[in-house]
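To start, the structure itself, in structure tokens.
The values are calculated or read from the model by the stated rules, or taken from the named source; none is laboratory data. On a predicted model such as this, the values are computed, not experimentally measured, just so you know. Every residue, glycine among them, receives a Cβ derived from its backbone with ideal geometry; neighbour counts consider all protein chains shown.
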């Protein structure tokens, strides 16, 4: 455990603008650890009342600087609250809400500290500032055509401005909209990445609606060419509601197979750890084929509604079967529906949904097959439901759960 005096010293150096970048990162890590909760509470109470904090905020700052700082702090807090809600609070193992708000207050202090620590490199207002108090793997990020990466808050409302100052897209809460926003003649790509524990909606330039599931990313043009295909690149899982265009087919590339449509609704799931790439058709029709092998009839399938095409990554073969579509798209509403699948598969879905790591040392449980539906249950409640059928023990350490036999 970190020494209490050391933590106090870090806070003191923070409010006096003496914190190094290495010390700042250490302080962030300390605040994120649950075993320092009481110390953090004490130091926050102490330093929130500190005259030095008020002095730093009001001195050597004009009104414009204060407004910029305020915007950055608010954006940072919203991002941090979303991260916290998608992490430990969804476990259902900690009911003390005071703990969460002390951490949010800590983020406020830290953001103020960051502002002064980097005050000589303050980003001008013409380039939107990004305050990132956590790893990018914890945030929704948007990679622009010039390589710039921006953090997207699920509660944000703003315009996305491109390199040349033109309007690329607009964000309203959990949706990023490119429809009728970009009149550029250049074909350039953006990439939206959604971490574990979150979902996000995207409207492409042609009006096609996409919902990205946790742990997914999609690369797409900010506008589609007037001729040719409308092609996007998916890693993870997404639900597509494609605007019909008989001249320009819509193609989802997974790196292994292509899913081609004219206008329809379907779900594609392709996570790196999965053995299959699944495409479930809700309505319309889609053609699925091995990448760059469209004309090979042996490796392509025409899918009809209510069916799933599963591409086996090892055998390089595709199978088609009739399925209950609702089980494969329930995630859009935050519902987890498991239909006759192994705990091994369920475990991976729980990891993505709750943003946790689950290590299972109970081999018997790993191979058990279940059918179940969970809506608003915490992870603790879900694990306990499985324990009623197959008894096991589990321990929680930070953001990791280890399951063992009884």
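List of remarks:
- Listed by position, the strands (runs of 3 or more DSSP E) contained in region 230-312 that have at least 3 residues being within 25 Å of the chain's Cα centre (by Cα) and not assigned by TED's automatic domain parsing to the domain that holds residue 344 are 230-241, 250-253, 257-261, 265-270, 276-283.
- Residues that are part of a loop (DSSP other than H, G, I, E, B) and under 23 Å from the mean Cα position of the chain (by Cα) within region 189-216 comprise 195, 196, 197, 198, 199, 204, 205, 207, 208, 213, 214, 215, listed in sequence order.
- Failed condition for residue 316, given (1) in the same structural domain as residue 371 (by TED's automatic domain parsing); (2) touching a residue at least 24 places away in the same chain (Cβ under 8 Å): (1)
- Residue check for residue 207: within 24 Å of residue 353 (Cβ to Cβ) and out of contact with any strand residue (DSSP E or B) (no Cβ under 8 Å at 6 or more places or on another chain): no
- Filtering region 148-174 to residues that are surrounded by fewer than 16 Cβ atoms within 10 Å (Cβ to Cβ) and under 15 Å from residue 209 (Cβ atoms) leaves 172, 173.
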